[in-house]
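What follows draws every value from the coordinates through simple rules; no lab data is involved. All figures in this text were calculated on a predicted structure; none of them were measured in a lab. Using ideal geometry, Cβ is built from the backbone for each residue, glycine included, and neighbour counts are taken over all protein chains shown.
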Amino acid sequence: MQSLAGYTLAASLFITAGISGWLVFAAIIVASVVVMFLVNLSGKPSVRYGIPYAVIARTNMGVLGARFPALLRGIVGMFWFGAQTYFASTAVALAINVMFPNHSAATFLSLTWVGWLSIILVSVFQLIIFIRGIGWISRFLNFAGPAVYAVMVLLLVVLWTEAGSELIDGVDSLFQSKSLGTWETISAFVGVVGTMVAYFAAVVVNYGDFSRFTVSLSHMRRGNFYGLPVSLTFFTFLALFITAGSYIALQHGGGEPLTNPADIVGLVGNTWLTLVAAVTFFIATVGINLVANFVPPAYDLANLWPSKISFKIGGLITATVGFVIAVLWVAVIAPMGFGKFVDTLGAVLAPLYGLLVCDYYILSKSRLYVADMFTMSEKGVYHFTNGWNYRALAAVGLAAAFSMMTVWVPAIGDTLGGFGWIIGAFLGGFFHWLAMRGRVVIDPAATLVADAA
């Protein structure tokens, strides 16, 4: 979340939700608690069995069918990688514009030469760090997290000094629509929660890729508490006040409030603050992008065709697709709205989460046959039909179709907009339960690892 894309989403929700900034702030905090609960559920089996999501998926999709969620997660990850690459490029563009203010305004695909150069530089930089290995990525994150907060606090101090007493009133009233009634306010609040949950959709599904390295369930839960509700509360507080403060102090009531902190910093007029902020935002966004959106698709692609696609080749494919998404962002993707982009990707992945939780906790009763996850024997518990669980595929397809309609069909979206992830996850689990509830698993020959809790 602590990236330019995360800030932009939060700021966009402040502006478009139509309710008080404080209510949006509260909704985002509620969403962080919901996400913490969701990742605790999806991460638990990986902690206990020491296996990543791609292997867990074999228990509900089949030993070969697990390639489908891996492909889906990989595609969504590549879209997010491209989006974050674009946002990181705006920080680079900010620095270039400060150092070389006189440049051509001509555009291609709605990008100036500075925009193109920035995307290319970010893409090459990310690829170099990826090739150097996970250790370099970890060093980036260890520096970037505290640095981002330091710059945002400094930016807030500058804006609050300029805005004065107007800022507190502006946070409460600036973003609020006067026409919303009680039900519309509640609906907008829940919609913000749903969109924020959708923002974390990819991580929520494959959180086992990270949780399997934790030493215990309590360790995982403690880390999630500090990394989600605690961290996100502070970040959202800064985003709320910076968004309102920039509108009051820098835009003077003109146009829509800015949603990208790189744009806000550019209006402050302090060259050194601008350069420091640009470098910090760039490093933070790149670090998060590599961990959340580059490495997972690279693994997913390698898992699809291990004999042909290595981890590094998967990374090159991800980098290529991400570059295309980044250069098309302004001209093609941005016009539909960042919230709709987030909800769409969330709707695609939501059924996979519902299916995982339903299968592990309800149908499998927290017990897995570990040996059968790694065999192509027809007697294996997870062989299903030629290695594929077609019932699970149907459940995911049906749930995803309805979830996508909440985003793209106006007649449904007008009522259920922002609820796509929640609906998709529920229906994915429910349809899977309907399809598989009569299945009885009896395999005395398999290696059964019992639930230790």
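In this structure the amide hydrogen of Leu368, modeled in the peptide plane, comes within under 5 Å of the amide hydrogens of Val449, none closer than 5 places in sequence on its chain. Calculated [222 nm] ellipticity per residue, helices only, for the chain: -22500 deg cm²/dmol; basis is -39500 (n - 2.57) per DSSP H run with n ≥ 4, divided by all residues, nearest 500. Within a straight-line Cα-Cα reach of under 19 Å, Lys365 can be paired with the following lysines, leaving aside sequence neighbours fewer than 8 residues apart in one chain: Lys44.
Span-like helix criteria (full DSSP H runs; alpha carbon extent of at least 24 Å along the helix axis; mean Kyte-Doolittle hydropathy of at least -1.0) are satisfied in the chain by 21-49, 67-99, 113-132, 134-163, 182-199, 271-289, 311-328, 338-357, 390-408. A straight line joining the Cα centroids of region 77-131 and region 346-409 runs 38 Å.
The value of relative contact order for the chain, using C-alpha pairs under 8 Å at least six residues apart, is 31 percent.
Can you put Thr107, Thr16 in order of Cβ neighbours within 10 angstrom, beginning with the fewest?
On the way: Thr107 13, Thr16 19.
Ranked by crowding around the Cβ, least crowded first: Thr107, Thr16.
Relative contact order of region 145-304, taken over Cα pairs closer than 8 Å and 6 or more residues apart, is 38 percent.
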